[in-house]
1. Of the peptides 132-144, 116-128, how do they stack up when ordered by the mean number of other Cβ atoms within 10 Å, highest first?
2. Please give the FRET efficiency for Ala64 paired with Phe154, using the beta carbon to beta carbon distance and R0 = 45 Å, rounded to the nearest 0.05.
3. For the stretch 91-192, take N as its residue count and report Rg(C-alpha) divided by 2.2 N^0.38 Å.
4. With bins 5 Å wide starting at 0, give me the P(r) of the chain over every alpha carbon pair, in whole percents.
5. With a Förster radius of 22 Å, plug the Cβ-Cβ distance of Ala179 and Glu130 into 1/(1 + (r/R0)^6) and report the FRET value to the nearest 0.05.
6. For the chain, what is the mean residue ellipticity at 222 nm derived from helices alone (per DSSP H run of n ≥ 4: -39500 (n - 2.57); sum divided by total residues; nearest 500 deg cm²/dmol)?
7. For the chain, take the longest principal axis of its alpha carbons; what is the angle in degrees between that and the long axis of helix 91-104, to the nearest 10 within 0 to 90?
8. Just subtract the alpha-carbon distance of Ala34 and Ser87 from 0.36 nm times their residue separation and send over the number in nm, one decimal.
Amino acid sequence: MVSGLSSPLPDNVWDRLGLRAAGAYGGYLAAYSAGTLPAGVLIVRPVLDVQGNLLLSPHQPFDADALAALQGRSLAEPLARSVTLVSPLTVDMLRRDLTDWARQDSFFVVLEEHRPFLQQLATHAESLPEHPLLQQHLSVMASQMPGLYKRALFTALMAVLLGDEMRLSPADRRALFWAALYHDIGMLYVEPEILHKVEPLTLDEWFHI
């Protein structure tokens, strides 16, 4: 199984990735929550700092006020593990988005006529609930960074074709599909001012990425 962000990592790796702080992803979560009624993001586990101090309690929305309470604090674990989305991306929604993309692109349309692959997409998409962190991140990405979400869909489509070309086993094809969707999740953690900067990046900015 592709484990992605759910993989246990040494503490220093979380620090280097910048996942100790709410950061950019916290901002996207708060914006996602504000765009849905009722609040689309709920805290389900205590949010603690690295000293064990309680910053946010469960059973409250993750909104701008909650985000403000985390500013400048190093979290005991990544924020994504402490929140849940009220209405995340569903299997049907992911299947529809993948299929719509494939049917709107002439390359995929021609390919489907000669080497049908859309049924594979439907089968792979059924496993979405097995990847709850990916489901959360894709939901936020689709809402807050639709261009990046479309790129993730394209990468997943190409992964299906690559799996066919390499004659991979069904299990390896599924793994390749999910790895493709995981690929750009890290962009949700890059600060927007760095992500959209047009000037050359500094050494510190490259390290952040």
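Values in this text are rule-based calculations from the coordinates and carry no lab data. Worth saying up front: this structure is predicted, and the values here are computed from it rather than measured. Neighbour counts run over all protein chains shown; Cβ positions are idealised from the backbone, glycine included.
1. 132-144, 116-128
2. 0.90
3. The value comes to 1.04.
4. 1, 7, 14, 18, 18, 15, 12, 9, 5, 2, 1, 0
5. 0.95
6. -16000 deg cm²/dmol
7. Computed tilt is about 50 degrees.
8. 17.8 nm
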